[in-house]
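Data first, discussion second: the structure below is written as structure tokens.
The values are calculated or read from the model by the stated rules, or taken from the named source; none is laboratory data. Being a predicted model, the structure only gives us computed values, none of them experimental. For neighbour counting, all protein chains shown are included, and Cβ atoms are generated from backbone atoms with ideal geometry for every residue, glycine included. Surface areas here come from the heavy atoms of the whole protein model, side chains and all, with no ligands, DNA or RNA. Shrake-Rupley method; radii C 1.70, N 1.55, O 1.52, S 1.80 Å.
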Amino acid sequence: MNLEEFVKLDEELDLLCLPESEKEKKLIQVIDLFKFVECLSSSIEIINYADDDINIIKNKGLKAGIIFCDNLHFIHFNCNYQKIQFFKNKYQLDEIWFVYVLELNTDYSQKNIQHYIQKYNLQKYYNRTFLFNFFGSDLSEIK
């Protein structure tokens with residue numbers, strides 16, 4: 001994401017009239033989305049990122065929702081089957097993906113994160129799960 005895209009994105013988020021803390025959270029979510037798409041495939045089309053905690057993309061003809069998480073302590077909040085089905089129905093999604101974003105100053109290893117993902121059985125709720133090192137631009141799918 002270049003500076004011009006970032007400024008445009010910031011202006012779009014201003015139109016949502018969010019409180020400053022919510023705007024910051026949404027901005028981080030959207031930056032994660034853009035970087036994730038950049039790392040996964042340039043053919044992915046971003047459809048919506050502003051309406052909910054879910055980001056909507058189109059990938060190889062499938063409409064998918066992406067939920068980002070950057071805190072292991074909150075992974076279990078992403079295991080709500082009703083919430084996932086609500087998003088799937090609301091946005092007419094074919095798939096829902098879970099992406100754990102590994103941040104720069106974290107004490108968690110990839111093995112710990114995979115343990116949490118398996119502990120909470122995220123593969124049961126999501127079609128695809130990813131581990132995403134934002135600063136290293138490294139992306140791996142957890143199966």
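Here are some notes:
- Subset tally (residues that are open to solvent by 70 Å² or more (accessible area, probe 1.4 Å) and closer than 20 Å to A64 by Cα) for segment 122-140: 2
- Extreme residue, farthest from V99 (Cα to Cα), among residues of segment 12-51 that are charged (D, E, K, R) and surrounded by 16 or more Cβ atoms within 10 Å (Cβ to Cβ): K26
- All positions within segment 52-71 that are farther than 17 Å from T129 by Cβ and either open to solvent by less than 10 Å² (accessible area, probe 1.4 Å) or modelled with pLDDT of 90 or more (or both): I56, K58, K60, G61, K63
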